[in-house]
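Have a look at the structure below before the remarks.
The values are calculated or read from the model by the stated rules, or taken from the named source; none is laboratory data. As the structure is a computational prediction, the values presented were derived from the model and not from experiment. Backbone-built Cβ (ideal geometry, glycine too); neighbour counts: all protein chains shown.
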Amino acid sequence: MRMLPVLTRLAWRYLWRNHRRTIIMVSAISVGVWSMIFMTALSRGMVDQVIEDGVSALPGHVQVHNPKFLDDPSVVNRIPIGDAELSRAFSSTDFKAWASRVRVPAVIASEYESRGVTLLGIDPVAEREFGYLSYDDVEGRFLEDADDNGIVIGRKLADKLETRVGKRVVLMSQDPDNEIADRGFRIVGLFDAEVPAFEEGNVFIGKRTAQKMLHIGDTTTEIVFLGDNYRDIEPTYDKVLASIDGSLDVSRWSEVATYLGSMLTVMDGFVLIFMVVIFLALSFGLVNTLVMAVFERVREIGLMLALGMKPSNILGQIIIESMLLLLVGLVIGNLLAVATIHPLRGGIDISVVAEGMEMMGAASVLYPRLYVSDMILANVIVLFLGFLASLSPAWRASRYEPVEAITKVG
Amino acid sequence: MTAVRCVDLCKTYRQGDEDIKALDHVSIDIEEAGFVCLSAPSGGGKTTLLNAIGGLDMPDSGEVWVADRRIDQMSKGELAELRLSSIGFVFQAYNLIPVLTARENIEFVMQVQGVPAKQRAEQSLAILEEVGLSGLEDRRPAEMSGGQQQRVAVARAIVSRPALVLADEPTANLDSKTSDELMTLFTELNRHHNTTFVIATHDQRVMRYAKRLVRMLDGRIVDDIAQDAA
């Protein structure tokens, strides 16, 4: 540690001795780091949006079901606990939001068309926090309470059914005895959603109206809980697990929608590989710079060794030089990344390729997401791999024999 | 007490197909506070002997002792420690670290030794004055003449008062006046601090200051005479 100030000063001065070469290398590192962070932010933005839309279409970060429900989502496999008991169990616990709902497959029919949909019998007051729909943006009105007799469907579904607000539709499903349970509803609202599949595939009715239609008393098929963030649901998961009957299944969203869960894992792996690949390209320049820097001062290294500097100090000096070079590049690269991502927070319109994006479940506006963890990852990768890349030239420099180095010609 | 002892040193370099004996069974004792000039024509072996004494180059055979420690069997780290603590070097050329100023070059060895900053500053400014370079402390080597650079190198070699100073043609780039001033400084250090000097030189003026003149030829000592120093 005593040598650190001396070595750092020498490294810094040598770094700027050939300032043109250093500036070129710093530029390359800065652009590399910028691209690591910027591209990651774009990818994160796209994947996050797909996942968030997907999670909001579930909706709920932690879900409780009858163990058989996910395989056979019918009212036969409902949760055998009434609403009153659920309220007693969860109202005292500190959840950001929770709700119980009826969620079963159904068929909706207008006078022209019929479609298979997911029937969601909800309490609109309890579900407002989940935020999957903006109640105020619904054409007509959204459900007012759990006893509401109206139905709210997606605009795209309405188009398919050739119906509109004010018209009647018939909703049909099965009751616990596997008998047809159906009922006519007047459409009171049409909603729009970012993801077309959500708009086409879900219909909302009052929870108690659904319970009556399906003859299931005050039971439901799904209890959902909201965490602070879809990436950080473990505290909520643990709380639910602690307060629920062991005979029920508690699932994270990633277990309910395995495709979305694996997408998140793949994305994390992709980011890491992307950063490493960019650095590998950079590392050739870095090693070349260091080799040149060592080669052009062999005599000076010999002199330092002759004056009593240990080989380990020479090794340290070259590594510090490499780290300083990388640090300067990192600072500029990080600032560039923040400066370019910040103005794009409002979204990048990619409607030119919107159809392709929709196929992936993404919207036509891309919102870059800059995570501190991604920036830290990029910086750590650059420093760690940069350290490894600098070992070879540094080791070579420290192995010089003083007298041979001092007398080296040219 | 003996400051340096070399016993039967041999060193052969290969140049093309030819073997050149740089040191051919050289033995020499240099007493503490000695002031020895090694003189030889080019290729005579004086620089090789100087490098062997400084632990910069290892002989093929023989023993080198500095301050009663055998150095030809030391590790690189131990040699570095010895050079740092006990030996000051002045080389013929490429003496200074180009990215450091005159003062930083002088402080370099002390800094590696761990001397506190305040003490380093005082000693370096004092020695700069002693070698006649006051006011040039912030200049880098490229901004100084060859003679000024050599004086900075000398200042660096002696600033931490090493027991042994090894100088290879220290006056090669200096005018006669500066050479005399430098040799006077060496002589004073030798007298007042008992610093041992071993100087390899062609310069007759430098030889006048030596208490002992060792002449070498083809890697062998051919003459070793005590003389009255100037």
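Set side by side, the residues A:Met309, A:Met304 differ, and just one is under 27 Å from A:Arg2 (Cα atoms) and either assigned to a loop (DSSP other than H, G, I, E, B) or among the small types (Gly, Ala, Ser) (or both), which is A:Met309. A Cβ distance below 7 Å, combined with a sequence gap of six or more or placement on separate chains, defines the contacts here; from the range A:284-302, residues that are away from every other protein chain (no Cβ under 11 Å) and within 21 Å of A:Ala28 (Cα to Cα) reach residues that are of a type in the set (Val, Ile, Thr) and crowded, with 17+ Cβ neighbours inside 10 Å in the pairs A:Leu290/A:Ile318; A:Val294/A:Ile318. Listed here are the helices (runs of 4 or more DSSP H) enclosed by the range A:351-410 that have at least 1 residues being modelled with pLDDT of 90 or more and exposed (fewer than 14 other Cβ atoms within 10 Å of the Cβ): A:372-398. Of B:Ile28, B:Ile53, all but one fail to be in contact with a strand residue (DSSP E or B) (Cβ under 6 Å, 6 or more places away or on another chain), more than 9 Å from chain A (Cβ to nearest Cβ) and buried (at least 23 other Cβ atoms within 10 Å of the Cβ); the exception is B:Ile53.
Only residues that are in contact with a Gly (Cβ under 6 Å, 6 or more places away or on another chain), in a loop (DSSP other than H, G, I, E, B) and small (Gly, Ala, Ser): list them for the range A:134-162, please. Within the range A:134-162, just A:Ala146 meets the criteria.
Looking at A:Gly302, is it surrounded by 16 or more Cβ atoms within 10 Å (Cβ to Cβ) and in contact with a strand residue (DSSP E or B) (Cβ under 8 Å, 6 or more places away or on another chain)? Spell out how you get there, then give the answer.
Details: surrounded by 16 or more Cβ atoms within 10 Å (Cβ to Cβ): yes; in contact with a strand residue (DSSP E or B) (Cβ under 8 Å, 6 or more places away or on another chain): no.
Judged against the criteria, A:Gly302 is not a match.
For the range B:112-160, a tally of residues being modelled with pLDDT of 90 or more, more than 17 Å from B:Ser85 (Cα to Cα) and basic (Lys, Arg) returns 3.
Collect the residues in the range B:68-117 that are at the interface with chain A (Cβ under 7 Å from one of its Cβ atoms) and basic (Lys, Arg), keeping them in residue-number order. Listed by number, the residues that qualify are B:Lys76, B:Arg83.
Only residues that are assigned to a helix (DSSP H, G or I) and either of a type outside the set (Lys, Arg) or surrounded by 21 or more Cβ atoms within 10 Å (Cβ to Cβ) (or both) were counted across the range A:1-18, and they come to 10.
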